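J.: Quick one: the structure is below, questions incoming.
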Amino acid sequence: MPEKKLYVGTRKGLFIFERNGAGYRLKRSSHLGIPVQNTLFDERTGRLWALLDHGHWGQKLSRSTDDGKTWEEIESPKYPDGEMVNDDTAATMRLIWVAATGSNDQPGRIYLGTEPGGLFRSDNDGESFELVRSLWEHPTRKGWFGGGRDQAAIHSILVDPRNHDRVLVGVSCAGVFETTDAGKTWAARNKGLRADFLPDPASEVGQDPHVVVAAKSDFDTLWQQNHCGIFVSQDGGMNWADVTTDGTANFGFAIAVHEERPQTAWVVPAVSDECRIAVDGKMVVCRTDDYGKTWTEHRKGLPQKDCYDVTFRHALDINGDELAFGTTTGNLFVSADGGESWEGQGNYLPPVYSVHFH
Amino acid sequence: MARVQFTRHLSRYFPDLEQNVEVEGNTVAQIVSGLNDRFPGLAAYIVDDQGALRQHVNIFIGNELIRDRKRLGDEVQADDSVYVLQALSGG
């Protein structure tokens, strides 16, 4: 597997870990004291992005061309004047939650997913952003609502590497939306999902995917850890199958899929909505190798007593057979064997928001 | 011209920010705009993308909190002291 560094966004800054023998060691930190919601590494330009969520000073974008040694702040996107979240509430930028690059043949294309539900697009490496109006003006959009956040927010952006006109976004709470015509039109892709918190659990819109991922090798296989379970689609999101178990693989936030084997995925379960803590005070990772028909539990190297960690939606990532995740209690774990055993790489980090191999 | 003082926390992001900045303006909005001309990007730390005062930022004119957090229409006199401070929040 290619050797990569680990970029850990936390409530109190960005921490970059590099390989050190079999494990990792802290190479660099930045933005100390500032919440770093997420990071993005643009392989086309070598730029590293940090999405900052200042408690006092608002949402900021920070960009580095030297792997985080130095940073420049660039202007954050703005909601156009007069845009409304609903009939009563004006739209203001409340969170920049996720960033994604366009494909290799779209130089300068960057997407941002935000609260209150706007997708922003740049075609000049972030020098300026525009609201993607076709999604913002989707007829269902004013009916979207907050899930985990006060207002609806985009947490997942998937650009199909085979066809950059196809983009999927995951929205809490609304569901999955897909464009196949470069953003001219968007369609809800939520058939088969279940929203137990709605009067009509099968509602086309109002679903709560916590995060949506796709295998790099097969963008027709999509996975999501949803508020109401785990779902997989093998037809590009047209239909979702519920692969939740009655046991451990159920509620959670994060999910990862193997880059070459789309049938293999991992989740880091938690006790359901009401509690949001580790199951039975023990940390566990569940893995499937058959599209979710069966799940195996893996605990080796993970705390099995008095553990209350939860793994947020952007805090699990994969690099070949290597996986890493971080937790709300500031633990960072890495597995070199497909999630069967784990080794702690740091126990005293701030609460972890995101973990990415770059 | 009004004299503006800042929370020291802003100097982390604007190292050149002086502690007593004199700015022309008849309203708080004009003061913020004038500050942004002198220190590009500063306004985005004080107000959100719609121009409203950020939730956890306070602006005082003398000892009085401004009333119009949405449009920053409070009037400022030439000899006023204006304070841009962060609210006590967070953790």
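The values are calculated or read from the model by the stated rules, or taken from the named source; none is laboratory data. Small disclaimer: the values here were computed from a predicted structure and weren't measured. Here the Cβ is made from the backbone with ideal geometry for all residues, glycine too, and neighbour counts use every protein chain on show.
J.: Suppose we filter A:Arg11, A:Arg63, A:Arg47 for residues that are under 27 Å from A:Asn319 (Cα atoms), within 11 Å of chain B (Cβ to nearest Cβ), surrounded by 16 or more Cβ atoms within 10 Å (Cβ to Cβ) and basic (Lys, Arg); which single one remains?
T.: Values: A:Arg63 fails: within 11 Å of chain B (Cβ to nearest Cβ); A:Arg47 fails: within 11 Å of chain B (Cβ to nearest Cβ).
Answer to the selection: A:Arg11.
J.: Determine which member of the set A:Gly21, A:Gly33 is more than 11 Å from every other protein chain (Cβ to nearest Cβ) and not β-branched (Val, Ile, Thr).
T.: A:Gly21
J.: List the residue pairs whose Cβ atoms are under 7 Å apart, where the first residue sits in segment A:277-305 and is closer than 18 Å to A:Trp240 by Cα, the second is among the aromatic types (Phe, Trp, Tyr), and the two are 6 or more positions apart or on different chains.
T.: A:Thr288/A:Trp295
J.: Do the conditions hold for A:Gly118, that is, is it away from chain B (no Cβ under 14 Å) and small (Gly, Ala, Ser)?
T.: No.
J.: Can you name every residue in segment A:119-139 that is surrounded by 15 or more Cβ atoms within 10 Å (Cβ to Cβ) and under 30 Å from A:Phe197 (Cβ atoms)?
T.: Once the filter is applied, which keeps residues that are surrounded by 15 or more Cβ atoms within 10 Å (Cβ to Cβ) and under 30 Å from A:Phe197 (Cβ atoms), segment A:119-139 yields A:Leu119, A:Phe120, A:Leu131, A:Val132, A:Ser134, A:Leu135, A:Trp136, A:His138.
J.: Looking only at segment A:71-94, count every residue that is out of contact with any helix residue (DSSP H, G or I) (no Cβ under 6 Å at 6 or more places or on another chain) and either away from chain B (no Cβ under 12 Å) or of a type in the set (Asp, Glu) (or both) and tell me the total.
T.: Here the count works out to 7.
J.: On to the next question. I need every pair where a residue in segment A:130-146 that is within 12 Å of A:Gly183 (Cα to Cα) has its Cβ under 8 Å from the Cβ of a residue that is among the β-branched types (Val, Ile, Thr), sequence separation at least 6 or different chains.
T.: If the second residue must be among the β-branched types (Val, Ile, Thr), the pairs left are A:Ser134/A:Thr179; A:Ser134/A:Thr185; A:Leu135/A:Val169; A:Leu135/A:Thr179.
J.: Residues A:Asp81, A:Asp53, A:Asp87: which one is of a type in the set (Asp, Glu) and buried (at least 20 other Cβ atoms within 10 Å of the Cβ)?
T.: A:Asp53
J.: Please go through segment A:330-347 and give me each residue that is at pLDDT below 95 and part of a loop (DSSP other than H, G, I, E, B), ordered by number.
T.: A:Asn347
J.: Tally the residues that are surrounded by fewer than 15 Cβ atoms within 10 Å (Cβ to Cβ) and either on the phi > 0 side of the Ramachandran plot or free of Cβ contacts under 8 Å to residues at least 40 places away in the same chain (or both), restricting the search to segment B:4-37.
T.: 11
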